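The values are calculated or read from the model by the stated rules, or taken from the named source; none is laboratory data. Given the structure is predicted, the values throughout are model-derived calculations rather than measurements. Ideal geometry is used to build each Cβ from the backbone, glycine not excepted, and the neighbour counts take in all protein chains shown.
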């Protein structure tokens, strides 16, 4: 996915942008960048790969290389950014968190207007550059952003730093991601994660509405485009992507996850599904608060039967060799034998996507003496690869384990009954769960319902995007 942070101050802004952007590192692992405006130098930019190193280690020299009273930074899971663009709107830096499903169509439109776009290796196009090219077809940033968002099939949340030091922030047309504004005595900032600016001494100003566009300077925030009425913020933000200390639409992530686990447990206790369980456990890290809520409601002790060794393996790490990848996964997990041997364990995970890591985790637990391992997913079965937020852009629907099971059970006909497979009370839903148990070696398996996850968020369902679960975005 990705995230960004920007600020405009009366004093130096680089320090705030460095730390504020770093606080978005959980949202992406591919590349990071910072752009700044200095009245003497103009726009400056630094981009680095963060594939195997944290953002802060790649930008630790940024204070000597870049300066300015306004700056933007981004974490990206897609293409390198921010980009520096020179156009009829002036020179500016731009970063986006976007998913464009009709890029060929939009590229053809740009080309037909005698435009051109730099190609990357293999002829691919940087999606941020494509968005900039569309913005440049209009006579103002606000007009161009609104036009680009209206033409994009997908989503586009945009942050721009102009050659006069102004910052322009635009929330996606349907508000699929949050954009938060902060204020301090010295200026203003914009971020995805509100805790990022609070740690830097800013306080909440407000959250942008869907499609709202604002201009930010050290002296204030000016609305360039009013927010729309329709919102479809991603429900999966609370389940998985969001950082525990973040609030979206005034709903805290950690509190939502605890409520979610509690709602699951209340249902399962009533159905007698918790009998004989010794410990409730979370699959770290995002599964843990769901499990705490489950344990509190069920009155079954919460435990951590294994710990991730984060000093050596603090983030995802991919080696070229499958053998070494398996070894890395194994080396991360350190068992606590007293909490495993002979115990009936119920684990709660944030979601079940492909199932590969869960199967390895369960095998690890059994090899360390677990009597049984039961699994609960804190959200419904994931049936669709996200087409809005790069949650699963590299995975076709067929790579999702729930879809693969459906195809194994019923072939193409099963796709017509996805709602039944999602519902654990139907025959198809029971068959999905039984088959997954056999494949992944679970003693039992169930999923949170869509009603349960909506209840735990507390926002009207019509304002939430639930596409990955039911295909309705």
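Tabulated data
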item: Every residue from segment 333-356 that is out of contact with any strand residue (DSSP E or B) (no Cβ under 9 Å at 6 or more places or on another chain) and either part of a helix (DSSP H, G or I) or not assigned by TED's automatic domain parsing to the domain that holds residue 268 (or both); result: 337, 338, 356
item: Residue list for segment 163-173, filter: under 17 Å from residue 143 (Cα atoms) and not in a strand (DSSP E or B); result: 166, 171, 172, 173
item: Any hit, segment 453-473, residues being more than 20 Å from the chain's Cα centre (by Cα), surrounded by fewer than 18 Cβ atoms within 10 Å (Cβ to Cβ), without any contact (Cβ under 8 Å) to a residue 24 or more places away in the chain and on the phi > 0 side of the Ramachandran plot; result: no
item: Every residue from segment 14-41 that is in a loop (DSSP other than H, G, I, E, B) and under 15 Å from residue 81 (Cα atoms); result: 24, 28, 29, 30
item: Qualifying residue in segment 56-66 (condition: assigned to a strand (DSSP E or B), within 24 Å of residue 218 (Cα to Cα) and either in contact with a helix residue (DSSP H, G or I) (Cβ under 8 Å, 6 or more places away or on another chain) or modelled with pLDDT of 95 or more (or both)); result: no
item: Set 445, 409: member being more than 24 Å from residue 346 (Cα to Cα) and in contact with a helix residue (DSSP H, G or I) (Cβ under 8 Å, 6 or more places away or on another chain); result: 409
item: Subset of segment 175-210 that is assigned to a loop (DSSP other than H, G, I, E, B) and under 16 Å from the mean Cα position of the chain (by Cα) - its residue that is surrounded by the most Cβ atoms within 10 Å (Cβ to Cβ); result: 192
item: Residue that is farthest from residue 443 (Cα to Cα), among those in segment 254-278 that are more than 29 Å from the chain's Cα centre (by Cα) and not in a loop (DSSP other than H, G, I, E, B); result: 270
item: Answer from 150, 155 - the residue that is within 22 Å of the chain's Cα centre (by Cα), within 26 Å of residue 235 (Cβ to Cβ) and either outside the structural domain of residue 10 (by TED's automatic domain parsing) or not in a loop (DSSP other than H, G, I, E, B) (or both); result: 155
item: Breaking point among (1) surrounded by 15 or more Cβ atoms within 10 Å (Cβ to Cβ); (2) at pLDDT 95 or above, for residue 430; result: (1)
item: Condition check for residue 330: in a helix (DSSP H, G or I) and either within 29 Å of residue 274 (Cβ to Cβ) or at pLDDT 95 or above (or both); result: no
item: Residue check, residue 256 crowded, with 23+ Cβ neighbours inside 10 Å and at pLDDT 95 or above; result: yes
item: Residues located in segment 110-138, provided they are under 30 Å from the mean Cα position of the chain (by Cα), assigned to a helix (DSSP H, G or I) and either more than 28 Å from residue 24 (Cα to Cα) or at pLDDT 90 or above (or both); result: 110, 122, 123, 127, 128, 129, 130, 131, 132, 133, 134, 135
item: Residues of segment 44-75 that turn out to be touching a strand residue (DSSP E or B) at 6+ places or on another chain (Cβ under 8 Å) and under 14 Å from residue 20 (Cα atoms), as a count; result: 9
item: Filter pass, residue 268 being surrounded by fewer than 23 Cβ atoms within 10 Å (Cβ to Cβ), touching a strand residue (DSSP E or B) at 6+ places or on another chain (Cβ under 8 Å) and at positive phi; result: no
item: Residue that is farthest from residue 472 (Cα to Cα) [pool: residues in segment 225-234 that are touching a residue at least 40 places away in the same chain (Cβ under 8 Å) and surrounded by fewer than 24 Cβ atoms within 10 Å (Cβ to Cβ)]; result: 225
item: Flag for residue 71 being closer than 24 Å to residue 172 by Cβ, within 25 Å of the chain's Cα centre (by Cα) and not in a loop (DSSP other than H, G, I, E, B); result: yes
item: Segment 394-427 - residue that is surrounded by fewer than 16 Cβ atoms within 10 Å (Cβ to Cβ) and within 19 Å of residue 357 (Cα to Cα) and, of those, modelled with the lowest pLDDT; result: 394
